[in-house]
Amino acid sequence: MVSLSLTGVRSLLAVGAHPDDIEIAAGGLLLSLAAASPGIRVHYVLCSGTDERQAEARAAAAAFLPGARVSFALHQLPDGRLPAHWNAVKEILHRAATVLAPDLVVCPAPNDAHQDHRLLAEQMPTVFRDQLILHYEIPKWDGDLARRNVYVPLPDAVARRKVELLHASFPSQKGRDWWDDEVFLGLARLRGMECRSRYAEAFDCQKAVLRPA
């Protein structure tokens, strides 16, 4: 297993279909990047969300990315209907590409059972052809978790801070039967076991280029 460092990442594009997607899937990565690269530039894109939920997303980005320079592109396409708005989603991504040429992109995975997530996963490589794209996973009722090939180990304190911030940042979601510490830490523990860490987040990378320094 080859290990690489996060310290070279100076800019990040974080893309989600819905508020809380990014933090559930990659909150530990966000915390780790903010610690490894103070002042990191982050462009944060969401395709859907009410005013209330978008306010939660802004607060979450500030909490998960302390010290980062964060810009936002928050949209209100219909939740669960993104495939019917294919052109609008494509335009959102192309506009994001004019804001930032990121070192790293995080977005949903192609094998995600949610149709909104799959559309983003399919479109991302057609817009960001020269960036490293990590496709994240989100636990859900559909049971679509799969094998992953990239891992971000999380120290205990980071994993637990992630869960603490999820609860603090997204009060609208606390009534959901799956929204609890056991789901979030349970998945992180399994992914940690797969990479010889206590906790971890897992991603897919479909294509990467390694260059000499």
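Failed condition for VAL15, given (1) over 28 Å from ARG196 (Cβ atoms); (2) in contact (Cβ under 8 Å) with a residue 60 or more places away in the chain; (3) of a type in the set (Val, Ile, Thr); (4) touching a Ser or Thr at 6+ places or on another chain (Cβ under 8 Å), with all others met?
Unmet condition: (4).
Does ALA109 qualify as being small (Gly, Ala, Ser), in contact with a Pro (Cβ under 6 Å, 6 or more places away or on another chain) and either without any contact (Cβ under 8 Å) to a residue 12 or more places away in the chain or buried (at least 19 other Cβ atoms within 10 Å of the Cβ) (or both)?
When the stated conditions are applied, ALA109 does not pass them.
Which ones in segment 68-98 are within 17 Å of LEU132 (Cα to Cα) and surrounded by 14 or more Cβ atoms within 10 Å (Cβ to Cβ)?
LEU93, ALA96, ALA97
For SER48, only one of the following conditions fails: (1) under 11 Å from LEU13 (Cα atoms); (2) hydroxyl-bearing (Ser, Thr, Tyr); (3) assigned to a loop (DSSP other than H, G, I, E, B). What is its number?
Of the numbered conditions (1) under 11 Å from LEU13 (Cα atoms); (2) hydroxyl-bearing (Ser, Thr, Tyr); (3) assigned to a loop (DSSP other than H, G, I, E, B), the odd one out for SER48 is (1).
Taking segment 7-23 as the region of interest, how many residues are within 18 Å of SER172 (Cα to Cα) and either surrounded by fewer than 24 Cβ atoms within 10 Å (Cβ to Cβ) or of a type in the set (Phe, Trp, Tyr) (or both)?
2
Quick check on segment 64-76: of everything there that is touching a Gly at 6+ places or on another chain (Cβ under 9 Å) and not polar (S, T, N, Q), which residue is nearest to ARG160 (Cα to Cα)?
PHE64
Within segment 66-89, count every residue that is of a type in the set (Val, Ile, Thr) and either under 20 Å from GLU56 (Cβ atoms) or in a loop (DSSP other than H, G, I, E, B) (or both).
Selection size over segment 66-89: 1.
No value in this document is a laboratory result; all are computed from the given coordinates. Remember, predicted model here, so these are calculated numbers, not experimental data. Virtual Cβ from ideal backbone geometry, glycine too; neighbours counted across all protein chains shown.
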